[in-house]
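What follows is a short report on a single structure.
Derivation of every value follows stated rules applied to the coordinates shown; laboratory data play no part. If you're wondering where the values come from, they're calculated on a predicted model, not measured in any experiment. All Cβ positions, glycine included, derive from the backbone under ideal geometry; neighbour counts span all protein chains shown.
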Amino acid sequence: MDKSIRHDSLTIFYRDEGSGAVVVLIHGFAEDGAIWDQQTGHLKKNYRLLIPDLPGSGRSSALPAETTMDKLAEIIKAILDAEGIGQAILIGHSMGGYVTLAFASNYPGRLTAWGLFHSTAYADTEEKKAARQKGIAFIRNNGSAPFIKQSIPNLFAERSRTTHAATIADLISRYGEFDPDSLIYYYRAMIGRPDRTDTLKKTRVPVLFIIGQQDPTIPLPLSLQQTHLPEQAHVHILANAGHMGMLEEPSASNAILEKFLGSLQPGQETVSR
């Protein structure tokens, strides 16, 4: 079911699918909620899925210039409040993981578990900030379509660029008209986000890490460094995935998500590494 709410003069679109424990799937940079389509059909059989388009993406309002990860997390809270949901499970892909971390930092009591799907609690290094600034300059000079065409293939593992060529072409077509200002504002928000490793250390609920062994954006060693920080961690590595495991290895991704969500039921084991 398609739904929307108003929050701070913004219209936020989201899908509400299935029934059961509530799972919020948060998309990443230059994506929208449709990025989870291969997970939605699988998981909605047993769980209630809330799948937003963050402001600036999909059918939601344009992104305000002064956006932060905390403000985006506030929007997730507003959706839960509108639905009368006290606690939920959040899973965030890439930038969506940064939103999830902000939510876990600001509203820890609203979470029964959460997960980082190709994401990190570490702040940007100076090198990463410089790369994002170059991206901003490229978008300003060339627009969204050339940026999307150049960047999306680089998110996939090298082999996936051949085996998933049709998927890549579909993403380039789907997101080529992305609002350039929104891309720039997202980049600024990512550059400005704080280190949130302390959030991983302090959380008392289970945390899922899904890591791409061939991730060119968040290298495997960096991803693994954070997995020992939570009290309860579920760590899974997708051997053939880069930064887009939900598309590169959808069946494996679905199985991991299903196993993690199932482990949260009473009497189930809560720690796996």
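Given axes a ≥ b ≥ c from the Cα gyration tensor, I'd like to know whether segment 129-168 is rounded (a/c under 1.5), prolate (a/b larger than b/c) or oblate. Oblate, since a/c reaches 1.5 and b/c is not below a/b. Is the shape of segment 127-249 best called rounded, prolate or oblate, per the rule: a/c under 1.5 gives rounded, else a/b larger than b/c gives prolate, else oblate, with a ≥ b ≥ c the square roots of the Cα gyration tensor eigenvalues? Here segment 127-249 falls in the oblate category.
Taking other residues whose beta carbon is less than 15 angstrom from the beta carbon of K44, and scoring Lys, Arg as +1 and Asp, Glu as -1, yields -1. Here the spin labels are modelled as points 7 Å beyond Cα on the Cα-Cβ line, and at E83 and L264 they lie 1.1 nm apart. Separation of segment 18-46 and segment 175-192, taken as the distance between their Cα centroids, equals 22 angstrom. When shorter helices are ignored and each DSSP H run of at least 4 residues is given -39500 (n - 2.57), the per-residue value for the chain at 222 nm works out to -12500 deg cm²/dmol.
Peptides 153-165, 123-135 ranked from most to least packed give 153-165, 123-135, packing being the mean of other C-beta atoms within 10 angstrom over each peptide's residues. Note on K201 and A131: with the Förster distance fixed at 22 Å, the Cβ-Cβ geometry gives a FRET efficiency of about 0.20. Straight-line reach from K259: taking Cα to Cα under 18 Å and skipping same-chain neighbours fewer than 8 places apart, the lysines in range are K44, K45. Placing unit charges on the Cβ atoms only, positive for Lys and Arg and negative for Asp and Glu, gives the chain a dipole magnitude near 240 debye about its Cα centre. Modelled spin labels at T11 and E231, positioned 7 Å past Cα toward Cβ, are 4.3 nm from each other. Which of the lysines could a cross-linker bridge to K77, judged by Cα under 16 Å and excluding same-chain residues fewer than eight apart? Qualifying lysines at Cα under 16 Å: K3. Distance between the pseudo-spin-label points of R159 and R174 (7 Å out from Cα toward the beta carbon): 2.4 nm. Annotation: peptides 63-71, 22-30, ranked by per-residue average of other Cβ atoms within 10 Å with the highest first, follow the order 22-30, 63-71.
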